[in-house]
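So the structure is just underneath, and the comments pick up after that.
The values are calculated or read from the model by the stated rules, or taken from the named source; none is laboratory data. The shown structure was predicted, so the numbers you read here are calculated from the model rather than taken from an experiment. Using ideal geometry, Cβ is built from the backbone for each residue, glycine included, and neighbour counts are taken over all protein chains shown. Ligands, DNA and RNA are excluded from the accessible area calculation, which covers all protein heavy atoms including side chains. Shrake-Rupley method; radii C 1.70, N 1.55, O 1.52, S 1.80 Å.
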Amino acid sequence: MMLDGVTVVSIEQAVAAPFASRQLADLGARVIKVERPDGGDFARGYDHHVLGESSFFVWLNRGKESLAADLKDPDDLALVDRIIASADVVIQNLAPGAAERLGLGAARLRERHPRLITCTITGYGASGPYRDKKAYDLLVQCEAGLLEVTGTETEPAKVGISIADIATGMYGYSAVLAALYARERSGVGAELDIAMIDALGEWMSQPVNQAIHSGHAPRRTGARHASIAPYGPYSTADGVVFLGVQNNREWARLAEQVLASPNLVTDPRFAANPDRVAHNRELTSIIEARLKSVSAEEALALLDQAGIASARVRTPGEFAEHPQLTARDRWRDVVTPAGTIQALLPPVIVAGATAAMGAVPALGQHTVAIRSEFSP
C-alpha cells in the first residue's frame, strides 16, 4: 500500500479528524486512535443503527487501532508521548487549548520531533474572537452562510450530511499527504492548522463572490439551481426527474429533441443562461407540460437519447443497490465489533493496489498490545 510504514497518532473524536485519519488508514498507514477509557470517541454513541454500532463510527474508523488512554494520567500521557516519538503524523481535534495544556500542542511536538507532521483541526482557528468557541457541524454551516443558500424560498435548511466536518477532513487528509511528500525531499516535517470555518468557507466562495459583487445574496431555490436553468426537478406523468443543462448547445438539443419546440431556441426569454434563470418559472411550465405526457422512465430515456444529463431521486437505501456500483464491484466486507457489514471502496482507484479497508475497532481493543510495544 502507498502509506505502508507510515504511523499516524490521532487524538480524535466525532467526524473531521477521524475522516482524515481513516483515509490514511485506507492507504495503508498504521493509525493509532487515542480514546478516552470512559466511553471513547463520543461518535460511538451517536446512534446504534449498524448491528448495534454507530453508523458514524463504523464509517469513520475502519482500519484503526484503538488505544484507551487517559491523557490526564501521567503514565498514559507518557505512553502517548513515546508513541508520538516514533510516529510520522499526529492529528488532533481536541477542544481549543486542550492539546497545549497536555503538552501535546503542535509547537512543542515539532520542537522535539522536527520530522513530525502535526495536523491540528479547530472550529474557528487559533486566533481571533471565536478561537475558544465550540464548533459543531451545523453551527459552522450557520456561521459560513450555508443555510442562507440551502433550503426553500421560505425556509433555510442544513445540508443532510456533516459537510463542514467532511470538508475539513478532506483538507486534513490532502495536507498530510502533501506534507509527507515534502518531507521526503526536505527531511523536515510540517505544522498544519485547519479550521472548519475556513474549509467550508472555501466551498462557499461562489455564493460569497456573488453576494459581494452583485450586492444581493443568492436565492434559496430548494432543489433547483440558483444560477443555472433549466436545472433541477421536473414533474412527469408518474413522478419527478432531474435534469441539467450547462450550455446553449445542450439547451438547443433539449428544446428540439425533447420538448419538440425548436422555436424556443430563438425565444429571447431563453436565449442565454441568465435569460433562462430570469424566466425560470415560465421555462419550468413549458418543460413540465411536455414531460407530464410521459412517464418518468420515458422521460429519462428521451433525455438520454438527446444527450441531456438526467437523474432520478434515490433514497440512501436505493443508492446502496445502485446498479452502477454493483456493476463496478464497489462494495467490500468490513468487520465491526458486532459483525460484518458492507462499505464502499475509497473513491480513488489506485491501479495495482487494493484499499486496506481494515476492521472497525472496539474501544480499547489494541490497548494491551500497544502498551507492551511502547513500554518504557
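Points to keep in mind about this one:
- Kirkwood hydrodynamic radius over Cα pairs of the chain, then Stokes diffusion coefficient at 4 °C and 1.567 mPa s, in µm²/s: 55 µm²/s
- Net charge dipole size for the chain [Lys, Arg +1 and Asp, Glu -1 on Cβ; Debye, nearest 20]: 460 debye
- Considering the stretch 98-144, its Cα convex hull presents a mean projected area of 4.0 nm².
- What a 1.4 Å probe finds exposed on the stretch 72-191 is 56% carbon and sulfur by accessible area, rounded to a whole percent.
- Probe 1.4 Å, accessible area per residue of the stretch 158-244, Å²: 49 Å²
- Positive-end residue, the chain charge dipole about Cα centroid, Cβ charges, pick of 343, 69, 159: 159
- Cα gyration tensor category, rounded, prolate or oblate, for the stretch 77-185 with a/c compared to 1.5: prolate
- Anisotropy class of the stretch 230-376 from Cα gyration tensor, a/c 1.5 cut: prolate
- Apportionment of accessible area to carbon and sulfur, the stretch 285-359, percent (1.4 Å): 56 percent
- Given a 1.4 Å probe and the protein chains as shown, residue 73 ends up with an accessible area of around 60 Å².
- Relative protection proxy for 104-111, 118-125, from highest mean packing down: 118-125, 104-111 (other beta-carbon atoms within 10 angstrom).
- Anisotropy class of the stretch 1-117 from Cα gyration tensor, a/c 1.5 cut: oblate
- Of the listed residues 259, 302, the order by accessible area with a 1.4 Å probe, largest first, is 302, 259.
- Accessible-area order (highest first, 1.4 angstrom probe) of the listed residues 331, 203: 203, 331
- Rolling a 1.4 Å probe over the heavy atoms of the protein chains gives the stretch 1-55 an accessible area of 35 Å² per residue.
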